[in-house]
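Taking it in order: structure first as structure tokens, then the write-up.
Values quoted throughout were computed directly from the atomic coordinates according to the rules given, and no laboratory measurement underlies them. Predicted model only: the values in this text are computed from it and were never measured. FYI the Cβ positions are ideal-geometry reconstructions off the backbone, even for glycines, and counts take in every protein chain you see.
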Amino acid sequence: MDRLSAPQHHLHMWEDQGSVIGSTTSETDWNAIDGNLILEGDDKAWLSWGSFWGGIKMRRIDQAAGRLACEDTTLYDIACFAVLARRKTMARSRADDGILRQAPRAPLAIRRKRRR
């Protein structure tokens, strides 16, 4: 065990303060899975999540509180389904509108240097 992971180390404090975000099929059209924290410079943090249901979403995080930011409550859509084809031979039901979709995966963001 290294010294940072030792329980007596001052950085080894963790407390469960509940969920930052969640989803249910009855309340959201997105799935809160595969969360990814994105740091933008020293002053902004973002949480991206999702796939399959309604695509990949993103919200601003209050870094001090570790919660969704109150000053920016916008739910950003950063990826959505790609419609590939319409299925003509399948019987339709309430859950199947006959459209074949490709779900986005892995809400990971990577910062790139800007080109000059």
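Annotations for the structure displayed:
- Radius 9 Å from Cβ of W49, net charge of other residues (Lys, Arg +1; Asp, Glu -1): +1
- Computed from backbone phi, the HN-Hα couplings of segment 38-43 come to 10, 9, 10, x, 9, 10 Hz, rounded to whole numbers (Karplus: 6.51 cos²θ - 1.76 cosθ + 1.60, θ = phi - 60°; Gly and Pro given as x).
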